[in-house]
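What follows is a single structure, written as structure tokens, with notes after it.
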Amino acid sequence: MVLASGGGSNLAALLAAHDDPSYGARVVGVVSDKPGAGALELARQAGVPSVVVAPGDFEDRAAWNLGLTDAVAVFQPAYVVLAGFMRLLAPTFLEQFPGRVVNTHPALLPSFPGAHGVRDALAYGVKVTGCTVHVVDDGVDTGPIIAQAAVPVLDGDDEASLHERIKVAERSLLVETVGRVAREGLLVEGRQAVIGA
Ligand code: GAR
């Protein structure tokens, strides 16, 4: 299943792939923290159940995390994919799905973690950046890396143009990686995350 806060182009790519039975993975549900997220409309159009779990509807962060955990657990997902989900998950959430929460990040980790990976890479002046699919742990974008793709930074790039180019690579990487993980399994040992081991 997929957690998303934004427009949902990564979700759209997963939904396009999951119709093919040979892909091996299905998006069983979508959860968002934002009532107006484009990802929710994409889920509706695809006939996939969606749920909003907004922090504002809960007394505090701990209660929101419990609500989110329950909302996700209902779907009994094999894997939880964070596709532009812009909030940190509590350890109590991660304990429910050990080694089975996967995030996509728009930079080559461990460089430029956090909410502004594209902006930070551009500000640093790197000539190559990219995207990373990784297992989520208790840190901010610190979990074992499953797959990465490099994207060049071009002269004159701004945050929007660079992010768009990264997102093209990111969609392919995410679809390919999630499919392989679903079909072949994922082994996580320390910092090593290996598909089909
Ligand atoms: C993606 O580039 C994703 O890597 C990023 O948000 C974008 C969501 O796009 N996530 C983060 O920055 C998490 N730190 P989308 O809503 O079009 O899929």
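What follows is calculated from the coordinates using simple rules that are stated; it is not laboratory data. These figures come from a predicted structure and were not determined experimentally. Neighbour counts are summed over all protein chains in view; Cβ atoms, including those assigned to glycine, are modelled from backbone coordinates with ideal geometry.
Assuming a ≥ b ≥ c are the square roots of the Cα gyration tensor eigenvalues, decide whether the chain counts as rounded (a/c under 1.5), prolate (otherwise, with a/b larger than b/c) or oblate.
Taking the square roots of the gyration eigenvalues as a ≥ b ≥ c, the chain is rounded.
Report, in degrees rounded to the nearest 10, the 0 to 90 angle that the Cα long axis of helix 61-73 makes with the longest principal axis of the chain.
Approximately 80 degrees, to the nearest ten.
How large is the charge dipole for the stretch 1-132, taken about the Cα centre, if only the Cβ atoms of Lys, Arg (+1) and Asp, Glu (-1) carry charge, to the nearest 20 debye?
With only Lys, Arg, Asp and Glu charged at Cβ, the dipole is about 340 debye.
Measuring from the lowest to the highest alpha carbon on each principal axis, how far does the stretch 136-178 reach, largest first, in angstroms?
On the principal axes, the stretch 136-178 reaches 35, 24, 14 Å in Cα extent.
Let me know the shape class of the stretch 113-157, please: from the alpha-carbon gyration tensor, a ≥ b ≥ c as square roots of the eigenvalues, rounded when a/c is under 1.5, otherwise prolate if a/b is greater than b/c, or oblate.
The shape class here is oblate.
Taking amide H positions as placed 1.01 Å from N in the peptide plane, with prolines and chain starts having none, which residues 5 or more places from Ile146, or on another chain, fall under 5 Å of its amide H?
Under 5 Å from the amide H of Ile146 lie the amide H atoms of Val133, His134, Val135, each far enough along the sequence or on another chain.
Rounded to the nearest 500 deg cm²/dmol, what is the calculated helix-only ellipticity per residue at 222 nm for the chain, with -39500 (n - 2.57) per DSSP H run of length n ≥ 4?
-11500 deg cm²/dmol
With a/c under 1.5 counting as rounded, go ahead and sort the stretch 29-85 into rounded, prolate or oblate using the C-alpha gyration tensor (a ≥ b ≥ c being the square roots of the eigenvalues; past the cut-off, prolate if a/b is larger than b/c, else oblate).
Since a/c reaches 1.5 but b/c is at least a/b, the shape of the stretch 29-85 is classed as oblate.
Of the peptides 66-75, 24-33, how do they stack up when ordered by the mean number of other Cβ atoms within 10 Å, highest first?
24-33, 66-75
Take each of the peptides 156-165, 95-104, average the number of other beta-carbon atoms within 10 Å over its residues, and list them starting from the highest.
95-104, 156-165
Going by average Cβ density within 10 Å per residue, which order do the peptides 128-139, 50-61 take, highest to lowest?
128-139, 50-61
Using amide H atoms built in the peptide plane, which far-off residues or other-chain residues are under 5 Å from Leu3 H to H?
Long-range HN contacts for Leu3: Val31, Val81, Leu82, Ala83.
Restricting things to alpha carbons, find the Rg to Rh ratio for the stretch 116-197 using the Kirkwood radius for Rh.
Value, to two decimals: 1.03.
With the contact rule set at Cα under 8 Å and sequence spacing of 6 or more, what percent relative contact order holds for the stretch 117-176?
That works out to 36 percent.
Which value in nm describes the separation of the simple spin-label points at Gln96 and Val168, placed 7 Å from the Cα toward the beta carbon?
3.8 nm
Compute the relative contact order of the stretch 73-197 as a whole-number percentage, counting only Cα pairs closer than 8 Å that sit 6 or more residues apart in sequence.
RCO, the stretch 73-197: 21 percent.
Remind me, relative contact order of the stretch 34-128 in percent, using alpha carbon pairs under 8 angstrom and six or more residues apart?
Relative contact order of the stretch 34-128: 18 percent.
Report the antiparallel proportion of the DSSP beta bridges in the chain as a percent, rounded to a multiple of 5.
Beta bridges within the chain, antiparallel portion: roughly 60 percent.
May I ask for the distance between the Cα centers of the stretch 10-36 and the stretch 90-118, given as a whole number of Å?
18 Å
Tell me the angle of helix 159-184 to the major Cα principal axis of the chain, expressed in degrees between 0 and 90 and rounded to the nearest ten.
50 degrees
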